[in-house]
Amino acid sequence: MKKLALSLLIAGSAALALAGCERPLPGVLQNSGDAPLVVDLDTTSPIALGAEETFDVRGPTKGHGEVGGATGTFIASTSTSGMCVILDPENQWLDSNYSDDGDIELFVGRTADYTGVPGQKIGDFHGEWVDPLGISHELDQNLCIQRDLFGDPGAHAGLGTAEFCTVDTTPGVSYTVLGTTFSVPSNDDVLRSSVEVLDGPCPAIDECTLVADNSGGVCGQP
């Protein structure tokens with residue numbers, strides 16, 4: 001009994017000591033980045049087709065359950081072959097310094113199916129359907145299907161790598177492009193990304209397709 005009481009006393013003292021420690025843990029990013037956590041690209045107008053747009057987001061405050069990223073909408077054209085969405089995160093992929101690389105994951109769905117609040121809260125495209133028997137079924141209404149090396153859906157690109165997909169669209173319907181922050185560069189805790197929506201299926205995509213994220217120099221552009 002005395003041993004149990006002593007153990008509880010020691011554990012309680014350790015917990016109080018940890019609670020009073022506000023120093024950031026080594027190697028853990030804090031929210032020191034000079035950028036918003038969530039960005040709304042539709043502040044003035046929807047995403048213009050064929051125009052590259054950029055945005056900056058900070059890293060989430062660790063331990064606070066924050067989810068960062070950006071959203072923007074576009075109206076589907078009359079194309080019968082779908083529309084291409086490209087999202088390219090900041091990187092300096094030609095060197096071995098990973099402190100300036102970032103990662104952001106791409107999702108696209110109908111704006112009516114998006115659960116977040118633009119500029120305030122990142123959501124997803126998950127829904128629920130209850131069948132006639134009263135059984136609930138979860139719906140994943142993400143329309144951006146990316147495949148891995150084995151051809152299986154649900155994949156995402158790695159650090160500092162562009163993500164893209166051709167989305168089957170209905171003319172005149174509004175769609176939301178969602179970029180969910182996966183990691184930010186540790187050198188400044190801010191991730192810059194470029195996004196573009198093209199009419200028709202995706203062409204061959206590489207690091208030089210979009211350059212405003214910061215890859216212009218390695219692609220022979222300003």
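Here, each number is a calculation from the coordinates, and none is a lab measurement. All figures in this text were calculated on a predicted structure; none of them were measured in a lab. All Cβ positions, glycine included, derive from the backbone under ideal geometry; neighbour counts span all protein chains shown.
Stokes-Einstein at 10 °C, 1.306 mPa s, Kirkwood radius from Cα pairs: D for the stretch 38-125 in µm² s⁻¹?
106
Provide the per-residue ³J(HN,Hα) series for the stretch 167-178, in order, calculated from phi with Karplus coefficients 6.51, -1.76, 1.60 and θ = phi - 60°, each as a whole number of Hz, with x at glycine and proline positions.
9, 6, 10, 10, x, x, 8, 7, 10, 10, 8, 10
Quick one: 3J(HN,Hα) in Hz for the stretch 35-50, Karplus 6.51/-1.76/1.60 with θ = phi - 60°, rounded, Gly and Pro as x.
Values per residue, Gly and Pro as x: 6, x, 6, 10, 10, 10, 6, 9, 4, 10, 6, x, 4, 7, 5, x Hz.
For the stretch 115-161, what percent of Cα pairs sit more than 17 Å apart?
Numbers: 634 of 1081 pairs.
Counting every Cα pair in the stretch 115-161, those more than 17 Å apart make up 59 percent.
Taking 0.36 nm per residue of sequence separation and subtracting the Cα-Cα distance, how much length would be gained by fully extending the chain between Ala51 and Trp129, in nm to one decimal?
Computed gain between Ala51 and Trp129 is 24.4 nm.
Please list, in order along the stretch 196-210, the HN-Hα scalar couplings obtained from phi with the Karplus expression 6.51 cos²θ - 1.76 cosθ + 1.60 (θ = phi - 60°), rounded to whole Hz, x for Gly and Pro.
8, 10, 10, 7, x, x, 5, x, 5, 10, 9, 5, 9, 5, 10
Of the chymotrypsin sites (Phe, Trp or Tyr not before Pro) in the stretch 134-221, which ones lie in a loop per DSSP and count no more than 16 other C-beta atoms within 10 Å?
Phe150
For the stretch 29-216, go through all pairs of different Cα atoms, get the mean of 1/r, take its inverse, and jot down that Kirkwood value in Å.
Values: mean 1/r = 0.0587 Å⁻¹.
So the Kirkwood estimate lands at 17.0 Å.
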